[in-house]
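The values are calculated or read from the model by the stated rules, or taken from the named source; none is laboratory data. None of these values were measured; they are calculated from a predicted model. Positions of Cβ are backbone-derived with ideal geometry, glycine not excepted, and every protein chain shown enters the neighbour counts. Surface areas here come from the heavy atoms of the whole protein model, side chains and all, with no ligands, DNA or RNA. Shrake-Rupley method; radii C 1.70, N 1.55, O 1.52, S 1.80 Å.
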Amino acid sequence: MNQAEIKKIKKVLLLGSGALKIGEAGEFDYSGSQALKALKEEGIETILINPNIATVQTSEGVADKIYFLPVTPYFVERVIQKENPDGILLAFGGQTALNCGVQLYQAGTLEKYNVQVLGTPVQAIMDTEDRELFVKKLDEIDVKTIKSEAVNSIEDAAKAAAELGYPVIIRAAYALGGLGSGFCDNEEELRIKAEKALSFSPQILVEKSLKGWKEIEYEVVRDRYDNCITVCNMENFDPLGIHTGESIVVAPSQTLTNSEYHKLRELAIRIIRHIGIVGECNVQYAFDPKSEDYRVIEVNARLSRSSALASKATGYPLAFVAAKLGLGYGLFDLKNSVTKETSAFFEPALDYIVCKIPRWDLGKFQGVDRELGSSMKSVGEVMAIGRTFEEAIQKGLRMIGQGMHGFVENKDLVIPDIDKALHEPTDKRIFVISKAMRAGYTVDQIHELTKIDCWFLQKLMNIVRTAQELEKTDLAQLEADKEAGRELMRRAKVQGFSDFQIARALWKEEMEDCHMHWVRRYRKSLGIVPVVKQIDTLAAEYPAQTNYLYLTYSGIANDVKYLGDKKSIVVLGSGAYRIGSSVEFDWCGVQALNTIRKEGYRSVMINYNPETVSTDYDMCDRLYFDELTFERVMDIIELENPHGVILSTGGQIPNNLATRLDEQHVNILGTTASSIDNAEDRHKFSSMLDSLGIDQPRWRELTSLADIYDFVKEVGYPVLVRPSYVLSGAAMNVCSNNTELEQFLQLAANVSKKHPVVVSEFIQHAKEIEMDAVARNGEILIYAISEHIEFAGVHSGDATIQFPPQKLYVETMRRIKKVAGQIAQALNISGPFNIQFLAKNNDIKVIECNLRASRSFPFVSKVLKINFIELATKVMMGLPVEKPGKNEFDLDYVGIKASQFSFSRLQKADPVLGVDMASTGEVGCIGLDTSEAILKAMLSVGYQIPQKNILLSTGSAKQKADMLEAAQLLYEKGYSLFATGGTHQFLTDNGIPAVKVYWPSESEHEPQALEMLHNKQIDLVVNIPKNLTQKELDNGYKIRRAAIDFNIPLITNARLASAFIQAFCSLNIDNIQIKSWDEYK
Amino acid sequence: MQTTKKASLILDDGTVLPGKSFGYEKPVAGEVVFNTAMMGYPESLTDPSYSGQILVTTYPLIGNYGVPRREEENGLSRFYESEKIHVEALVISDYSFEYSHWNADKSLADWLKEEKIVGIYDIDTRELTKRLREHGSMKGKIVFEGGEDIDFIDPNLTNLVAKVSCKEVIRYGNGSKKVVLVDCGVKHNIIRCLLKRDVTVIRVPWDYDFNTLEFDGLFISNGPGDPDMCGITVEHIRQAMKGDKPIFGICMGNQLLSKAGGARTYKLKYGHRSHNQPVRKVGTNKCFITSQNHGFAVDNSTLGADWEPLFINMNDGTNEGIRHKSKPYFSAQFHPEAASGPTDTEFLFDEFVNML
């Protein structure tokens, strides 16, 4: 392709990655957005297919046409038919886009419509994805791979394992993030894991395990002229055996010598050339810790989570460059986007270390296996930047946001068997190391048990030594001997200690907030303050105008100058993606940044999530890739001296800082800190509602079981119980009787004067309604009311949400508007807010109110086509805004937001929905009516229209009745129904034929439901838990878990099941309209 | 935590950067230069081209993997680039007092102390680098708390090549072709790269008249300092160019070959010292990432009529190699032998050996 050929490409289709799921998260919003930017720069028309409505890439102006449709061959072909693009990009939407592209290629679709694959050819992709082809390909150039055999049956797997020798690892071919893979120490384990892996993929791989080897990755770029660079290498803190997505990772590598580093680099280049990548790929190695022996683990011929991390770690925009190379450019044609003068053909030199730490949310799941292994379970990650390893990792451990203050000075962890916990890693592994060091374990002992390289452990030991020194320090002496004090404080700060950690080390149990302030004052008086450094890709060798910054204590001077003109506005980001806070807040943050810039202020972002667009240094005038702790935010505000700070677009993390920032006289833009506190504090909010005469579910904060019983007598079961101190398991639960209540409180929580429990009345069969709105000085400017498909009891983050509502009484809507208006006025809201309501008949009750943007802001903004955040930002900036002249009653279409679950990755977790959130992502689709929208949305989150057989267990009598109509429809459509005892009886009584199947507890009878699932005889499972009795839970659990493990679509809610069934029975897939976002008017 | 002595780096513009000692303790002076490589400190420290210089590493974490054993193979060091440390001092940000590597023999600190080389840490090496970038390389010195002072030294005023070159002729290997290697401060990996290719290497001192020897090809090595100090070497090269035997030069070798061909050299503001210098082969789309360590460069515009640039630096357009238009003479300003650094251009040794 020469320049003339590049010019010929006029229209390009880009495939997104769909909903965020474990193994495929926000990093693809970032890579897709970068690619679209690169195409736009070339004047190419861009079409994007991505049902993930909360992403930045699906925002106005990023792509020319956006389709909120499933990324599946069927829908992509229909879009190609309609749009007739010249080219397609497959490498920017994760495994989802890659798999879809390979299928389209193999089916001849791309050829049929004359669509050119830009970048890496599909054959090269297949060479890396099919294990056998891959090994053969690398054998051709004498590159060592892990000895592995591809097999198609359990028997062959057992034979292969016997030949290789245990331990072995099993992987499913063509699977994202190591889905369906695992280690097996013996044949018994192998058979279990092989069966499961085969349910995901027709081919599985049996490999010799190299547990304990180092895991090293290289990000490699190649252009069509065969020029290659490695942009970054990374080293896993955790040795091989733990999925790289589950590992703490540092960049660049720390324990490799020059000869080792360049040996692997040279191999990576040899591989990328031989495979024929054009663009970017990632090469993963296992590396012997005792020689220079290596194995290639895998090659990802696409942008990946690691490439997003590498981009942020180095400042080298991999996705942007890969897109340009896909168009035919050479690396020498492109400029380094940081220096803007030097060439893009170079390898970044870092003068800092980055540390990535995964964020898990395993506590949200009942029964989940907490051990880390070869398949990914983490839901997000953070990246910390420092100039010592100690600084980077302590920052990172604070960033993951699970109540930890760093490597030391955390609340004590109860570890019954440290040896075991070191040897069998869980999500707590790093804190187990901390505990072990405190318990006197040596570096060598910990190394023996964990195989973590001693270098990392030595550095961690430095942190422990400093902590011990601080703990021994006499306060009076600190005041007296300033020189010794300075020395100690500086060392602690260089090692990443927060003021909080230092205060806790000094005051121990007696420590209070004021002591943290004392530390801050003390060290500042000694001149110990952080400095701001740039990430400039060339380690200061060339001048760079970069705005990509971090703070460190290893330094004496700032890289940037501060103007102090009060023309900047700081936006606080949302931190690590986790269950409950994800890409939607990134969208909000980016919209706020855009608005600030448009209005002539300099935008400043603080965030530390490498999977985001808001941490792309192009998106703002200054990016501080740093912590969102009170201490660090204050450090930055003191340097930046901004006009004000926006807290309300980053979810709960920034919101929680409101009061403390206000105490320091920080100018919080929009709603005041005291109003935020009045909404957040349960007691204050409740008494406000009482005074306004607004109804709410009855609740009480109680400190003894006797008091709880008294309250239950008043309101009746079921009740929602929220402990303030959680021992294990879910943070809240619905209890239907005394036994359940006692069981939950005994197992999960601690009730005492110090740890009260909030018990609320739980209203059944009530609708849940959300209002997202923007107000100015207490007056609502714009609002969106949406309704949940499921009844209350399913967390709003898991519920399927319809906007505008189709089944709400006008009266209900009117009351909601009125109540929201009263609340907005009472709290004098200026900015975004969200209120959740319960509605039964025409009664409405307020559940909660958040004075910040909510999860559904991008969804309602995009469906209504009014940017709520832009409006809110202008309000917060005090700019004049017009009340939009449009509202949801004007829409001739419907939006459905559906949730994506990742239960298949969370081994043993019960895939049931409850009051605590479990989904990892969401999609939003638009249709002409509810059925069309829901069908698109459900297909987008991985459901399929069932072929023939459906298994029903539909719960309680009420739920069974709710499902009757749907069952009738299925029968009429010719589906074969299979039902467990009660459901079967109910269907038969109502004249619907069904085959009776048996629960696992009825093992003497045939057919067994579980067996049918194993044999893949079922296409859809509807399993609705009736109650929480042990037997019911156990039976239902086995069915639900089997459905997940054998990759059979599962629905556990009667109302959602009905809606989905209604949709696919009433609408043929071919009648779904292929309309881009802008065509819905 | 180790108790360490305080030491300061003082630049000749008056800047004082306080740090702490982790190496040998004696006052030292030299030219302060920075290197942006992220690994390879044992190789860098033993590279003779650093003679007379105080080396600043921009990568902050140093010492992680200790240093390897002193082992010889065919008369060459196995893991190092020469017989000893050549830098005057090492300046870093964060030192790893403990190290971890299967091939390590001792810590970097112990090695520095053994070889009586100064090392200081806890320096803001980024800020220091920015100053060197803005002012150009500066003279500097390191003094210890309570210790003696020392005068600034400009090492480029002395003949550093003479200091680091071998003192007598040394032969290596028993290959089918004979290559005379003019040692201006050669890195051992250059000799290893030649030996790998069935070559006998005859290593001669920088001022040795090799034209008296019998050989198939001439190699001119890297070396420290100002090429203008090596007039006699240039004369010998000119003499050799009267014949048609292949000539290959690296780094200082590129500068001396250029001078022999009539070109001039000049001092760069702060030099190229890194593992990530991009070069493009002139007239092609072929680009390479190279390892570099030089403070002087060849002025492209002064190349004689028979010569042309072979490689150009893609960042600043400076000369990265030359070739003769008709004769088998060529050279590279960068280091195809790597060690430390990327190995992308090792093929230049093949090209040279194929010419013999």
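The figures follow:
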| read-out | value |
| --- | --- |
| Label-to-label distance, nm, for residues given as A:ASN114 and B:LEU157 (7 Å Cα→Cβ offset) | 7.5 |
| Label point distance in nm, A:LYS420-A:GLU132, each placed 7 Å from Cα along Cα→Cβ | 4.3 |
| 23 Å Cα-Cα threshold exceeded, pairs from A:LYS377/A:LYS1038; B:LYS6/B:LYS113; A:LYS11/A:LYS598; A:LYS37/B:LYS286 | A:LYS11/A:LYS598; A:LYS37/B:LYS286 |
| Estimated buried accessible area (total), pair A and B, 1.4 Å, Å² to nearest 100 | 4900 |
| Quarter of Cα convex hull surface for the range A:67-157, i.e. mean projection, nm² | 7.7 |
| Net +/- balance of residues flanking B:VAL164 in space, Cβ distance below 12 Å, scoring K and R +1, D and E -1 | 0 |
| Exercise: per-residue mean of other protein chain Cβ atoms within 10 Å, B:36-45 | 5 |
| B:ASP228 accessible area, assembled protein chains, probe 1.4 Å, Å² | 90 |
| Positive-end residue, chain A charge dipole about Cα centroid, Cβ charges, pick of A:PHE901, A:GLY573, A:LEU110 | A:GLY573 |
| Solvent exposure ordering (accessible area, 1.4 Å, most first) of B:GLU351, A:GLU1006, A:GLU768 | A:GLU1006, B:GLU351, A:GLU768 |
| Measure of compaction for the range B:1-64 (Cα Rg per 2.2 N^0.38 Å) | 1.19 |
| Dipole magnitude of the range A:747-789 about its Cα centre (Cβ charges: Lys, Arg +1; Asp, Glu -1), debye to nearest 20 | 380 |
| Positive dipole terminus of chain B, leading residue within B:PRO48, B:VAL33, B:ILE322 (C-beta point charges) | B:ILE322 |
| Cα-based Lys proximity count in the range A:109-209, under 14 Å, for pairs eight or more positions apart or on separate chains | 6 |
| Accessible area per residue, Å², the protein assembly as shown with all protein chains present, probe 1.4 Å | 34 |
| Point-charge dipole on Cβ atoms (K/R +1, D/E -1) for the range A:555-707, about Cα centre, debye to 20 | 280 |
| For the range A:344-362, residues shielded by at least 20 square angstrom of accessible area compared with the chain on its own, probe 1.4 Å | A:PHE345, A:PHE346, A:GLU347, A:ALA349, A:LEU350, A:ASP351 |
| Carbon and sulfur %, accessible surface of the range B:176-332 computed with the full protein complex present, 1.4 Å | 47 |
| Solvent-accessible area lost in complex, 20 Å² minimum, residues of the range B:93-111 relative to chain alone, 1.4 Å | B:SER93, B:ASP94, B:SER96, B:GLU98, B:SER100, B:HIS101, B:TRP102 |
| Rounded percent of accessible protein surface that carbon and sulfur make up, the range A:920-987, 1.4 Å probe | 50 |
| Neighbouring partner chain Cβ atoms per residue of A:705-713, average, 10 Å criterion | 0 |
| Equivalent ellipsoid dimensions for the protein assembly as shown as semi-axes, Å, which come from the Cα gyration tensor, largest first | 58, 36, 30 |
| Relative contact order %, chain A, counting alpha carbon pairs below 8 Å whose residues are six or more apart | 10 |
| Area of A:LYS37 that stays accessible when all protein chains are in place (1.4 Å probe, Å², to 10) | 70 |
| Local electrostatic count at A:MET619 - Lys and Arg +1, Asp and Glu -1, tallied over other residues with Cβ under 11 Å | -1 |
| Isotropically averaged projected area of the range B:240-298, using the convex hull of Cα atoms (one quarter of hull area), nm² | 5.0 |
| Sequence-distant lysines (8 or more away, or on other chains) whose Cα lies within less than 16 Å of A:LYS818 | A:LYS845 |
| Those trypsin sites (Lys or Arg not before Pro) in the range A:100-208 that DSSP places in a loop and that have at most 15 other beta carbons within 10 Å | A:LYS144 |
| Sorted largest first, extent of the range A:15-104 alpha carbons per principal axis (Å) | 34, 25, 19 |
| Spin-label proximity, A:LYS807 to the range A:1035-1059 - amide N less than 11 Å from point 7 Å beyond Cα toward beta carbon | A:1054-1059 |
| Chain B: calculated mean residue ellipticity at 222 nm from DSSP helix runs of at least 4, using -39500 (n - 2.57) | -5000 deg cm²/dmol |
| Positive-end residue of A:GLN81, A:VAL62, A:THR120, charge dipole of the range A:1-127 with Cβ unit charges | A:GLN81 |
| Probe 1.4 Å, all protein chains present, accessible-area order of A:HIS405, B:HIS188, largest first | A:HIS405, B:HIS188 |
| Per-residue [θ]222 nm for chain A (sum of -39500 (n - 2.57) over DSSP H runs n ≥ 4, rounded to 500) | -11500 deg cm²/dmol |
| Cross-link pairs beyond the 25 Å C-alpha cut-off, checked among B:LYS130/B:LYS267; A:LYS356/A:LYS865; A:LYS290/B:LYS20; A:LYS897/A:LYS1075 | A:LYS356/A:LYS865; A:LYS290/B:LYS20 |
| Surface accessible to a 1.4 Å probe, A:MET688 within the full protein complex, Å² | 30 |
| Protein-only accessible surface order, largest first, of B:LYS267, A:LYS335 at 1.4 Å | A:LYS335, B:LYS267 |
| Mean projected area (nm²) of the alpha-carbon convex hull when the range A:316-368 is viewed from all directions | 6.5 |
| Hydrodynamic radius by Kirkwood, which averages 1/r over all alpha carbon pairs of the range A:969-1081, in angstrom | 15.8 |
| Magnitude of the charge dipole, the protein assembly as shown, Cβ model with Lys/Arg +1 and Asp/Glu -1, debye to 20 | 1560 |
| Within the range B:242-266, backbone nitrogen closer than 17 Å to the virtual label 7 Å beyond the Cα of B:SER326 toward Cβ | B:242-247, B:261-262 |
